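Chemist: Please read through the structure below; I'll follow up with questions.
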Amino acid sequence: MNYIDLTQEDEAKPLIMQRADPYIYYHTDGYYYFTASTPEYDRIEIRRAWSIKALKDAEPVVIWRKHASGPMSYHIWAPELHFINGKWYIYFAAGRSEDPWWIRSWVLENESADPFAGKWEEKGQLFAEWDSFMLDMTVFEHKDKLYAVWAQKRQERSENSALFISEMENPYTLKKPQTLLTYPEFDWECKGFKVNEGAAVLKRNGKLFLTFSASATDATYCMGMLVADENADLLKAESWKKLSAPVLTTDESKGIFGPGHNSFTTSRDGKIDYLVYHARPYAEVDLDFALYDPNRHTWIKRITYDSNGYPIFK
């Protein structure tokens, strides 16, 4: 099948407007699938196309809407679409209309081979070792094991969120114990709010690169990265090295402000890796209402690698 790949020119403008926390997945059926937070935070939608470019004009289909009250009734955030053991799963965060900041992680399941067909069923909440603010669940497989990484507020700690990892018993159950991977400690992680969130995993060159987002959701928002050897015990904190500087930050010259909450995808032949992320086209935003500014757009950028095999995002 012929297709047109992305060009450098395309990287200079958003791919999809007003879609934050973007997630693109290239499936074995030949489609690219896309999901993201909608500006209204009231639903989960997916779209698909034969090329990354075509996702821009692909028709979004709503597969789930928020509840009227109680859990999963407010702040529907950061959905991710995964295909695991022959089934589709969507991981997302949600609050309650009675308590909007009671944010927890949830999962939907669809047994159909086609995620636009079949029925999306609520498998429920994903429970960590303690109950607190929890969001941005991502999952990945490595050496025949399924892992989850998520952001959560630590017990009796001042930061807004830190990142944790655990193995999974199945796609909707976390194993115990969980391991702290990173918490906000550097200045670039603590601007506005002390945040580590939005993890994504890229496996290349004998290593696992775990990117994450830090600071408030204005122009200070940026991406950091952890690195582990592919043969390391991923549940040991010492297996992960945290870079002391961010790997992607605001670039005023390109009109890209507050880049972050990324995912990864590839060209059809697997030879080109792409960074998928959101950013605003301007810097000025009221921090108290930044989450309700709809103009966080989906951007995409080709990834290159340095002499050590590390990804370059700038």
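Chemist: Please report the carbon-and-sulfur percent of the accessible area for the stretch 60-115; probe 1.4 Å, protein heavy atoms only, DNA, RNA and ligands left out.
Modeler: Answer for the stretch 60-115: carbon and sulfur cover 51 percent of the accessible area.
Chemist: Please list, in order along the stretch 161-177, the HN-Hα scalar couplings obtained from phi with the Karplus expression 6.51 cos²θ - 1.76 cosθ + 1.60 (θ = phi - 60°), rounded to whole Hz, x for Gly and Pro.
Modeler: Per-residue couplings from phi come out as 7, 10, 9, 10, 9, 8, 6, 10, 6, 7, x, 10, 9, 7, 7, 10, x Hz.
Chemist: Further question: Could you tell me whether the stretch 80-143 comes out rounded, prolate or oblate from its Cα gyration tensor? Rule is a ≥ b ≥ c as square roots of the eigenvalues, rounded for a/c under 1.5, then prolate if a/b exceeds b/c, otherwise oblate. List each step's numbers first, then the result.
Modeler: Values: a/c = 2.84, a/b = 1.57, b/c = 1.82.
Oblate is the answer for the stretch 80-143, as a/c is 1.5 or above yet b/c matches or exceeds a/b.
Chemist: I would also like to ask the following. Can you tell me the convex hull volume per residue for the stretch 49-93, based on C-alpha atoms, in Å³ to the nearest whole number? Can you show the working numbers first?
Modeler: Values: hull volume 5.2 nm³, N = 45.
Looking at the stretch 49-93, the number lands at 114 Å³ per residue.
Chemist: Which GluC sites (Glu not before Pro) from the stretch 7-65 combine a DSSP loop assignment with at most 12 other Cβ atoms within 10 Å?
Modeler: Working: sites: 9, 11, 40, 45; in loops: 40.
Loop-located and lightly packed - 40.
Chemist: Any chance you could check the Cα centroid distance between the stretch 173-220 and the stretch 76-150 for me, in angstrom?
Modeler: 18
Chemist: Let me ask you something else. With the full set of protein chains in place, find how many percent of the accessible area of the stretch 134-188 is carbon and sulfur; take the probe as 1.4 Å. Working shown, then result.
Modeler: On the way: 990 of 2460 Å².
It is 40 percent, rounded to a whole number.
Chemist: Taking N as the number of residues in the stretch 181-239, what is its Cα Rg relative to 2.2 N^0.38 Å? The partial results should precede the final answer.
Modeler: Details: Rg = 12.5 Å, N = 59, 2.2 N^0.38 = 10.4 Å.
After normalising by residue count via 2.2 N^0.38 Å, the value is 1.21.
Chemist: Trypsin sites (Lys or Arg not before Pro) within the stretch 209-305: which are DSSP loop residues with at most 12 other Cβ atoms inside 10 Å? Each step should come with its number before you reach the end.
Modeler: Working: sites: 236, 241, 242, 254, 268, 271, 296, 301, 302; in loops: 236, 268, 271, 296.
Of the trypsin sites (Lys or Arg not before Pro), the ones in loops of the stretch 209-305 whose Cβ has at most 12 other Cβ atoms within 10 Å are 236, 271.
Chemist: May I have the convex hull volume per residue, in Å³, for the Cα set of the chain?
Modeler: Details: hull volume 41.5 nm³, N = 314.
Measuring per residue, one finds 132 Å³ for the Cα hull of the chain.
Chemist: Right, another one. Counting other Cβ atoms within 10 Å of each Cβ, which chymotrypsin sites (Phe, Trp or Tyr not before Pro) in the stretch 167-249 have at most 16 and sit in a DSSP loop? Show your work: numbers first, answer last.
Modeler: On the way: sites: 172, 186, 188, 193, 209, 212, 221, 240; in loops: 172, 186, 193, 221, 240.
Sparse-neighbourhood loop chymotrypsin sites (Phe, Trp or Tyr not before Pro): 186.
Chemist: Turning to a different aspect of this structure: Counting pairs of Cα atoms in the stretch 154-274, how many percent are more than 22 Å apart? Mind dumping the intermediate values first?
Modeler: Working: 2927 of 7260 pairs.
Counting pairs separated by more than 22 Å, the tail of P(r) holds 40 percent.
Chemist: Can you work out ³J(HN,Hα) from phi for every residue in the stretch 43-50, in order, using Karplus 6.51 cos²θ - 1.76 cosθ + 1.60 and θ = phi - 60°, giving whole Hz and x for Gly and Pro?
Modeler: 7, 10, 10, 10, 9, 8, 7, 7
Chemist: Calculate how large, on average over all directions, the projected area of the Cα convex hull of the stretch 63-219 is; give the answer in nm² to one decimal.
Modeler: Values: hull surface 42.2 nm².
Answer in nm², one decimal: 10.5.
Chemist: Now for a different question. With every protein chain kept in place and ligands, DNA and RNA left out, what is the accessible area per residue of the chain? Probe 1.4 Å, answer in Å².
Modeler: I get 43 Å² per residue for this part.
Chemist: Could you work out the relative contact order of the chain, using alpha carbon pairs under 8 angstrom and six or more residues apart, expressed as a whole percent?
Modeler: Values: 840 pairs, mean separation 45.2, N = 314.
Here the relative contact order equals 14 percent.
Chemist: Another question, if that's okay. What is the magnitude of the charge dipole of the stretch 88-187 about its Cα centre, with +1 placed on the Cβ of each Lys and Arg, -1 on the Cβ of each Asp and Glu, and no other charges, expressed in debye to the nearest 20?
Modeler: On the way: 11 positive and 18 negative charges, 32 e Å.
Roughly 160 debye for the stretch 88-187.
Chemist: Rounded, prolate or oblate for the stretch 8-117? Axes are the square roots of the Cα gyration tensor eigenvalues, ordered a ≥ b ≥ c, and the cut-off for rounded is a/c under 1.5.
Modeler: Details: a/c = 2.39, a/b = 1.38, b/c = 1.73.
Cα axes put the stretch 8-117 in the oblate bin.
Chemist: Let me ask something additional. Obtain the nm distance between the two label points defined at residue 312 and residue 111 by a simple spin-label model: each point lies 7 Å from its Cα along the Cα-to-C-beta direction.
Modeler: 4.9
Chemist: Could you give log10 I(q)/I(0) at q = 0.18, 0.19, 0.27, 0.28 Å⁻¹ for the stretch 271-314, computed by the Debye formula over C-alpha point scatterers of equal weight, without solvent?
Modeler: Ignoring solvent entirely, the Cα scatterers give -0.65, -0.68, -0.94, -0.98.
The values are calculated or read from the model by the stated rules, or taken from the named source; none is laboratory data. From a predicted model like this one, the values you see are computed outputs, not experimental measurements. So basically every Cβ, Gly included, is an ideal-geometry build from the backbone, and we count neighbours across all protein chains shown. Side chains are part of the model used for accessible areas, which takes the heavy atoms of the whole protein and leaves out ligands, DNA and RNA. Shrake-Rupley method; radii C 1.70, N 1.55, O 1.52, S 1.80 Å.
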